[in-house]
Amino acid sequence: MKMTFVAITLCKGGAQRMLVELANGLAKKGHDVSFLMPTGGVVEYPVHVPIVRTPTNFIAAKDIPKSDVIVSNFYTLTSICEEASRLGKGKHVRISLCYEPVFLDQHEASFKSYHISRNLVVLSKWQQQLIKLNHGIEGEIVPVGVSDAFRNLGLRNPQKKLEVTGILRIPEGGYSWHREQEYLIQTFTALKQKYPHVIFNLITPPSELRSSPTLRTIHSNRLFNSITPADDPQLIQHFNRSDIFVSSSTYDTASLPGLEAMKCGAALVTVYSGGNMDYCRHGENCLLSYRYENKLASQISTLIEQPQLRKRLAIAGEREAAKWTWERSVQRFENTMKTFLKRG
């Protein structure tokens, strides 16, 4: 199959990582895959397929090459890709990496965009149910995956200081409100005062730290250990040194960092975010609570004070995360594209 992924950016983030992993994996299986991106589109992941740039910073239907499948991934691209499909350039498939109407400003436009194409890919059961309830379209689930590079390297030493880690993304622009990062910082601040011997790590992509005054202020706080991994090998090292990984996000279609940390052997403490329920089981492979319960601090405390429970959850989490491979994701996506192509 010839597949064109139309993308605005491939910057650091779970959604963009999935696009790159799918494209690279499909190409490895022999498909003709490329990205179509605007001139200024950022690429921060290793892409092993051609990247075709449009003449300007905008993408138009005329820029999209003839393909078997044209893949859109954001509400602003949906109508453009559908127009290209009507022009005979290929079957339009939307992969919904996030459900935009809930957390972006352009609620009306993003909501209506889900009425444009019935060929829909989603990432989780929760997201599938949400879109079916609102739009009557039942998307095909293609789960996220975790690279084999993310694994337990055996770096944890029971004699070293305990490390608790969370991720902070750029708040300017309004794309991070659902991550409840203020709640995470409040929790880490209180716990650092309670457990001064514990190291509390904050991970942020270096480009976001450079461009965000808010993040620079937080990272400069001496209560926290500031981490800015330049690439996956560095991120993997930090996950492997973390005894506990914490996610405060309340709204995610998949919540990939939790899985990656679990795969590296960290015990997970998380807030319910919808999509994470496909792999999270409270008391079995993580500690999970709803945001209104305000249990994040108490659950982290529990794992700090109970090493045997922490170890048991980490082992179960690592076992669960091992099931989530990009090979499975690529195979599901390939099968789904074949199903869509058979439709009238």
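The values are calculated or read from the model by the stated rules, or taken from the named source; none is laboratory data. Keep in mind the model is a prediction, meaning the values are calculated, not measured. Note that we place each Cβ from the backbone using ideal geometry, even for glycine, and neighbour counts take in every protein chain shown. In case anyone asks, the SASA skips ligands and DNA or RNA and just uses the protein heavy atoms, side chains included. Shrake-Rupley method; radii C 1.70, N 1.55, O 1.52, S 1.80 Å.
Which is buried (at least 22 other Cβ atoms within 10 Å of the Cβ) and under 28 Å from SER298 (Cβ atoms), of PHE188, PHE224?
Sole residue among the options that is buried (at least 22 other Cβ atoms within 10 Å of the Cβ) and under 28 Å from SER298 (Cβ atoms): PHE188.
Return the only residue of TYR290, TYR279 being among the aromatic types (Phe, Trp, Tyr), in contact (Cβ under 8 Å) with a residue 40 or more places away in the chain and under 30 Å from PRO101 (Cβ atoms).
Details: TYR290 fails: in contact (Cβ under 8 Å) with a residue 40 or more places away in the chain.
Answer to the selection: TYR279.
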Worksheet item: In the stretch 305-344, what residues are over 26 Å from ASN119 (Cα atoms) and at pLDDT below 95?
Response: none
Worksheet item: Of the numbered conditions (1) charged (D, E, K, R); (2) open to solvent by 20 Å² or more (accessible area, probe 1.4 Å); (3) modelled with pLDDT of 95 or more, ASP231 satisfies every one except a single condition; which is it?
Response: (3)
Discussion item. Contact list please: Cβ distance under 8 Å, first residue in the stretch 10-31 and among the basic types (Lys, Arg), second residue assigned to a loop (DSSP other than H, G, I, E, B) and open to solvent by 30 Å² or more (accessible area, probe 1.4 Å), pairs at least six apart or on different chains.
Written reply: LYS12/GLU44; LYS28/HIS48
Worksheet entry | Residue list for the stretch 108-155, restricted to those being among the acidic types (Asp, Glu) and surrounded by fewer than 17 Cβ atoms within 10 Å (Cβ to Cβ) | GLU108, GLU138, ASP148
Practice prompt. For ALA267, indicate whether it is among the aliphatic types (A, V, I, L, M), touching a residue at least 40 places away in the same chain (Cβ under 8 Å) and in contact with a Lys or Arg (Cβ under 7 Å, 6 or more places away or on another chain).
Written response: yes
Response to the item:
For ALA267, the lone unmet condition from (1) modelled with pLDDT of 95 or more; (2) open to solvent by 10 Å² or more (accessible area, probe 1.4 Å); (3) of a type in the set (A, V, I, L, M) is (2)
Worksheet item: When the residues of the stretch 69-83 are filtered to those that are more than 20 Å from the chain's Cα centre (by Cα) and open to solvent by 10 Å² or more (accessible area, probe 1.4 Å), which remaining residue is nearest to ILE8 (Cα to Cα)?
Response: ILE80
Fill in: Close pairs from the stretch 137-149: first on the phi > 0 side of the Ramachandran plot, partner open to solvent by less than 30 Å² (accessible area, probe 1.4 Å) and not acidic (Asp, Glu), Cβ under 6 Å, at least 6 apart
none
